Amino acid sequence: MDTTDDGILPRTLTIYDVARHAGVSIASVSRVLNGRNSPRPETRERVLAAVQELGFVPDGAARALSNRLKEVVGVVFRRPADVTNDAFSEEAESLLFADVINRGIEAGARNRGYDLLMSTVDVLDHSPHARISSIGGKSDGLILHDQVLSPVGIARVAQRTPVVTLAGTPTPSSVNIRSDNASGMRELTKHLLIDHGYPTVAYLAGHVDSPDNVARAEAFEVVVAEVGIEAWTGEIWRGNYMASGGAKVINDVLAHGSPLPRAIVCANDQTAIGVMYTLAQHGIRVPQDVAVTGFDDIPVARHLHPQLTTIRQPIQKLGATAFDVLYALISGERRPAAEVVLPTSLVIRGSCGCQVATSPPWEAGP
């Protein structure tokens with residue numbers, strides 16, 4: 001540790017020193033450092049300048065104690081079932097969509113000086129309430145991914161811990177963050193059925209209890225009905241949001257001797273990866289024989305061959321928004337709306353049958 005010239009250890013700086021140096025009250029310094037009800041911009045600038053000039057480092061533990069906060073947020077998402085398909089046996093190690101969301105949550109937490117407590121629940125666990133309650137007891141708030149708890153379970157946990165859900169169902173006691181699934185799916189389905197004129201189309205679904213999947217399936221079916229053709233849906237077209245699930249559906253359809261539709265709309269990009277891989281294994285060309293689309297625009301979508309036509313949702317922003325909303329609940333600064341909906345957009349590439357002038361996948365930009 002550094003010492004002064006006379007060998008005496010320097011005194012630890014406090015917010016009193018910052019207040020004196022900035023010429024403001026201790027309360028103003030506290031509000032700026034805690035990010036709560038910040039005073040006028042000029043006061044905030046004076047406090048931050050004093051912090052920098054003095055080299056003052058707020059004691060996170062002391063700040064958390066004074067606020068009765070742990071400065072920790074729990075994040076819970078589903079752990080997928082074991083994968084038996086050899087091609088995707090390590091898929092659970094790379095939960096592409098969840099990983100990008102969690103990076104957004106982490107970025108939001110870092111900006112506020114918070115840490116994350118990450119945990120998973122088994123996708124087959126029908127009673128994860130005790131585990132999630134335990135995580136909530138160690139956190140100032142919880143961010144729950146798609147359907148890890150029922151609305152009733154969320155209400156029970158939210159009695160003690162602020163809760164934000166991702167792609168869930170809004171409740172009176174929690175806030176839900178999602179993308180505009182219906183608009184995105186309508187735009188994508190119209191592109192396939194009207195712009196391309198494909199005569200048959202299937203929807204390869206995700207989890208049956210996923211609100212995102214339900215919204216996408218309903219929008220798909222509305223457009224198909226408007227065009228006047230039959231939608232290929234049902235249990236044989238039920239996936240699990242994983243590439244292995246998409247692969248299994250295609251293998252099962254072909255094993256039953258059933259024909260394939262001219263286009264397959266997948267509930268998410270990860271499913272589409274499995275579909276495209278398995279079609280290639282059977283010598284079925286994309287998009288010449290079967291067009292394939294996804295939903296999410298995960299980073300790998302542009303590196304497939306052909307590149308994947310999909311609906312882009314702001315995945316990392318979903319996570320960052322979830323943390324910001326949860327922080328508002330924790331701090332009591334404001335009561336957010338019951339649901340925050342982020343926009344989506346259609347990204348046209350080659351897998352739908354469009355001749356898109358793009359660079360090779362390995363040269364494509366972000």
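Just one residue in the set ALA219, ALA267 is buried (at least 17 other Cβ atoms within 10 Å of the Cβ), in contact with a strand residue (DSSP E or B) (Cβ under 8 Å, 6 or more places away or on another chain) and among the hydrophobic types (A, V, I, L, M, F, W, C); that residue is ALA267.
So, in the range 319-342, of the ones that are out of contact with any helix residue (DSSP H, G or I) (no Cβ under 7 Å at 6 or more places or on another chain) and more than 19 Å from GLY168 (Cβ to Cβ), which residue ends up modelled with the lowest pLDDT?
Looking at the filtered set, the residue picked out is GLU333.
TYR114 satisfies every condition listed in (1) touching a helix residue (DSSP H, G or I) at 6+ places or on another chain (Cβ under 6 Å); (2) at pLDDT 85 or above except (1). Does ILE250 satisfy the condition of being in contact (Cβ under 8 Å) with a residue 12 or more places away in the chain, more than 19 Å from PRO199 (Cβ to Cβ) and over 21 Å from the mean Cα position of the chain (by Cα)? So ILE250 passes the test. Per the listing GLY228, GLY283, the residue uniquely under 24 Å from GLN307 (Cβ atoms), over 28 Å from the mean Cα position of the chain (by Cα) and among the small types (Gly, Ala, Ser) is GLY283. Does GLY7 satisfy being at pLDDT 75 or above, more than 27 Å from PHE323 (Cα to Cα) and either in the same structural domain as GLY137 (by TED's automatic domain parsing) or more than 33 Å from the chain's Cα centre (by Cα) (or both)? No; evaluated as a whole, the condition is false for this residue. From the list ILE311, ILE348, the one residue that fits, being surrounded by fewer than 21 Cβ atoms within 10 Å (Cβ to Cβ) and touching a Ser or Thr at 6+ places or on another chain (Cβ under 8 Å), is ILE348.
The values are calculated or read from the model by the stated rules, or taken from the named source; none is laboratory data. Computed from a prediction, not measured in an experiment: that's the story for all the values here. Glycine also receives a Cβ, built like all others from the backbone with ideal geometry; neighbour counts cover every protein chain displayed.
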